[in-house]
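Read the structure below first, then the notes.
The values are calculated or read from the model by the stated rules, or taken from the named source; none is laboratory data. All values derive from a computational prediction rather than experimental measurement. What goes into the accessible areas is simple: the full protein's heavy atoms, side chains included, and nothing from ligands, DNA or RNA. Shrake-Rupley method; radii C 1.70, N 1.55, O 1.52, S 1.80 Å.
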Amino acid sequence: MKKRLIMALLMAGFLLTGATVYAAPFGNPDDVAYAETLWNVLVKFKLAGRGMINSVPYTGQDPHGAILESLDRNITVNGHTGAVIVKRNYGGKDVSKAAVANNPAKYLMAVTVMFKRERGYDPENKDWFWAKFKPDGSLDANPKGMKLAGRVAKGMPQGCIACHKAAQGGDYVFGHDRFVDK
Ligand code: HEC
């Protein structure tokens, strides 16, 4: 009898833990798998990885890095076509626009990405999928170890969504308003 009770408690605990993990708005196994596919598409279109297309680096602002590069286009991920914005974040000793232009790989710190997902993915936040990759395509994580992919960090006072909410046009994009109401 006691054994059964313990088993039941263990099961309930397992289910609850599972539910909690999956209830997080980002960093779930699904988000991580999606980010992996997204990265592969970015590499295919030379937006990331070795052989990536370069543009003219510009002076950035916190928290993205001293020098930035930004590229966007439409891509298809798992059958869904949407706009993607790739921001390359450069930093390190002696970083400058010229230094980055001459040797991007040396100064690349992170690749932050916004991808417009299917309608209804995150209607309160314009359906953006957020991801922060390291230069090798693996995902960065927050101090709690949650991978930065998905609705980052929905409902929290800091993070991609909380900060990008302030962007003009209500589209969560600072650089332009080309994706307003799309
Ligand atoms: C504290 C505020 C803040 C946070 C947090 C933040 N960003 Fe940004 N982000 C900005 C600003 C400001 C810009 C415009 C910077 C520029 O291009 O000079 C920007 C630009 C971008 C862009 C280019 C599109 C645009 O809006 O112009 C992408 C993509 C991006 N951020 C992704 C992310 C991701 C992914 C995260 C979370 C991992 C994140 N950002 C967290 C402030 C923030």
Expressed as a whole percentage, what fraction of the accessible surface of segment 26-170 belongs to carbon and sulfur atoms when a 1.4 Å probe is rolled over the protein heavy atoms? 53 percent
Which whole number of Å³ per residue matches the convex hull of the alpha-carbon atoms in segment 26-170? 117 Å³
Rg (one decimal) and Dmax (whole number) from the Cα set of segment 30-74, in Å, equal 12.5, 34
Rg to Rh ratio, segment 68-134, alpha-carbon atoms and Kirkwood radius? 1.10
At 1.4 Å probe size, with no ligands or nucleic acids counted, give the accessible surface of Asp94 in Å², nearest ten. 110 Å²
Note to self: C-alpha centroids of segment 81-122 and segment 146-182 sit apart, in Å, by 15 Å
Report the per residue volume, in Å³, of the convex hull enclosing the C-alpha atoms of segment 107-173. 101 Å³
